[in-house]
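Worksheet for the structure shown next.
The values are calculated or read from the model by the stated rules, or taken from the named source; none is laboratory data. Being a predicted model, the structure only gives us computed values, none of them experimental. Here the Cβ positions follow ideal geometry from the backbone for every residue, glycine too, while neighbour counts run over all protein chains shown. The protein model used for the area step is the full one, side chains on, heavy atoms only, and it has no ligands, DNA or RNA in it. Shrake-Rupley method; radii C 1.70, N 1.55, O 1.52, S 1.80 Å.
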Amino acid sequence: MSDTRRRVKVYTLNEDRQWDDRGTGHVSSTFVERLKGISLLVRAESDGSLLLESKISPNTAYQKQQDTLIVWSEAENYDLALSFQEKAGCDEIWEKICQVQGKDPALEITQDPIDESEEEPRLEEIADLVTSVLSSPIRREKLALALMSEGYMKKLLQLFQVCEDLDNREGLHHLYEIVRGVLFLNKAALFEVMFSDDCIMDVVGCLEYDPALVQPKRHREFLTKTAKFKEVIPITDSELRQKIHQTYRVQYIQDIILPTPSVFEENFLSTLTSFIFFNKVEIVSMLQEDEKFLTEVFAQLTDEATEDGKRRELVNFFKEFCAFSQTLQPQNRDAFFKTLANLGILPALEIVMGMDDLQVRAAATDIFSYLVEFSPSMVREFVMQEPQQTDDDVLLINVVIKQMICDSDPELGGAVQLMGLLRTLIDPENMLTPTNVRLCPNTHALCHNTGSNDLLCKKTEQLAIPHDLYDTFTLNPVRKRRRPSSSASSTSTACRS
């Protein structure tokens with residue numbers, strides 16, 4: 001049998017789980033009488049000394065990685081690796097290893113990961129392995145690569161179904177440790193597999209069997225039977241619906257199922273957080289592109305015939321939609337809010353903020369807050385132009401001020417929130433052009449002073465603002481808000497009107 005010489009570096013894993021370079025040489029495969037079998041030999045290119053002599057064992061699991069790397073273990077805690085200079089050399093040695101073991105060279109690992117006849121002891125070993133590698137970045141990387149090959153995670157999750165059918169609690173406890181440890185490997189490629197439609201409920205199932213619990217949790221029952229997905233408007237895009245389901249379930253895994261990570265573990269789930277983050281970005285982008293969907297939402301939101309319960313769901317949807325938008329990059333968030341503005345979000349808020357339903361008003365106020373915080377100039381422009389475009393006395397600024405004055409909360413929580421938003425709107429520091437904007441002390445009008453002192457104010461019903469509340473709008477941070485006293489009668493008049 002002929003020798004094939006290829007240039008390689010020999011590495012061994014030391015006690016600190018770091019790879020040590022043992023030297024550079026040329027590898028060959030030949031029969032070694034002393035070892036009674038075909039062996040891998042590496043002789044140093046400098047002096048021809050023997051760097052490696054390793055018999056190719058029929059039962060050893062060899063793994064080929066990245067086209068130029070072969071990794072295997074010869075004994076407990078003794079790992080070896082050959083790093084080839086050329087892919088061709090790696091392929092030739094890999095074919096020789098597969099020939100000795102009777103395996104297909106197309107495989108990237110020569111031994112089956114799991115022997116189902118030895119399910120339970122192998123699961124225990126895998127659980128110990130996954131737990132032991134978390135302290136070493138190199139070993140975590142190596143294990144992640146092994147798990148991503150040959151559909152290994154799907155095979156593990158199939159074992160979960162077998163163990164659960166057999167009520168094998170010990171095996172289920174090992175699978176809990178394995179799945180939890182794999183999540184802590186912090187690899188997006190593994191998450192793509194684990195959180196797919198085919199696998200995510202089995203992942204949740206594994207995490208129900210915490211060994212510290214007397215009885216398993218019922219997370220799958222909650223996700224499939226208790227938690228209900230409400231479509232305020234039917235979603236026809238199956239990919240969007242799947243993404244929404246996936247995001248909710250992964251968020252549930254992170255927030256509810258997984259225990260609070262220790263200081264040592266807190267960085268292990270950064271990729272899981274990023275996975276959820278980018279899912280939300282995709283959801284917002286896909287909804288934003290579906291103008292038919294958003295147009296229908298706006299139509300039902302402002303339709304007087306819409307039932308109160310339905311309108312509450314629509315407003316809460318928009319509130320969550322705006323919250324998701326905070327995950328977008330600035331340029332994408334700008335496009336998002338411009339889309340909402342073009343569809344008529346501010347006229348819609350004018351309608352729903354004036355409704356009697358407290359929950360609807362509160363959610364609408366939160367949406368208004370998102371808009372003001374993002375672009376006070378956009379809201380200010382609408383407020384300034386609205387009196388010139390309509391003869392109706394119901395203006396957005398009037399509705400906002402009336403809700404502030406008529407806040408039923410004894411602590412005036414809603415009023416304080418709206419005061420802050422009005423302060424932002426009239427703050428000269430965030431105005432794009434030199435403009436004087438003032439709140440008329442005797443009306444609900446937001447006044448715009450031009451150089452000629454013209455007031456572009458809509459003549460509105462005289463709804464007086466108590467002077468102490470008006471003082472709060474003057475951007476004086478040291479003046480404390482006082483409760484209405486002498487102006488109480490004018491306030492109640494405003495609320496009744």
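Remarks
- Number of the exception - GLU386 against (1) over 32 Å from the mean Cα position of the chain (by Cα); (2) open to solvent by 40 Å² or more (accessible area, probe 1.4 Å); (3) more than 24 Å from GLN288 (Cα to Cα): (2)
- Close pairs from region 238-249: first free of Cβ contacts under 8 Å to residues at least 60 places away in the same chain, partner among the polar types (S, T, N, Q) and assigned to a helix (DSSP H, G or I), Cβ under 7 Å, at least 6 apart: LYS243/ASN279; GLN246/ASN279; THR247/ASN279
- Test for SER132: is it part of a helix (DSSP H, G or I), among the hydroxyl-bearing types (Ser, Thr, Tyr) and at pLDDT 70 or above: yes
- Residues in region 185-209 that are open to solvent by 30 Å² or more (accessible area, probe 1.4 Å) and either under 13 Å from PHE160 (Cα atoms) or among the charged types (D, E, K, R) (or both): LYS187, GLU192, ASP197, ASP198, MET201.
Condition check ((1) at negative phi; (2) within 27 Å of the chain's Cα centre (by Cα); (3) surrounded by 17 or more Cβ atoms within 10 Å (Cβ to Cβ)) across all residues:
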| site | (1), (2), (3) |
| --- | --- |
| GLU141 | yes, yes, no |
| LEU147 | yes, yes, yes |
| GLY151 | no, yes, no |
| LYS155 | yes, yes, no |
| CYS163 | yes, no, yes |
| LEU166 | yes, no, no |
| GLY171 | yes, no, yes |
| HIS174 | yes, no, yes |
| GLU177 | yes, yes, yes |
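- Selection count, region 39-59, where residues are surrounded by 17 or more Cβ atoms within 10 Å (Cβ to Cβ) and touching a helix residue (DSSP H, G or I) at 6+ places or on another chain (Cβ under 8 Å): 2
- Among residues of region 19-34 that are at positive phi, those with a beta-carbon under 6 Å from a residue that is open to solvent by 20 Å² or more (accessible area, probe 1.4 Å) and assigned to a strand (DSSP E or B) at least six positions away or on a different chain give the pairs GLY23/LEU51.
- Within region 346-367, the presence of at least one residue that is at pLDDT 85 or above, open to solvent by 10 Å² or more (accessible area, probe 1.4 Å) and within 25 Å of the chain's Cα centre (by Cα) is confirmed.
- Any hit, region 263-282, residues being farther than 21 Å from GLY181 by Cα, of a type in the set (D, E, K, R) and under 11 Å from the mean Cα position of the chain (by Cα): yes
- Spans of strands (runs of 3 or more DSSP E) in region 38-112 with at least 2 residues free of Cβ contacts under 8 Å to residues at least 24 places away in the same chain: 50-55, 69-75
- One residue from LEU145, LEU123, LEU156 being closer than 29 Å to PRO58 by Cα, at pLDDT 85 or above and in contact with a strand residue (DSSP E or B) (Cβ under 9 Å, 6 or more places away or on another chain): LEU145
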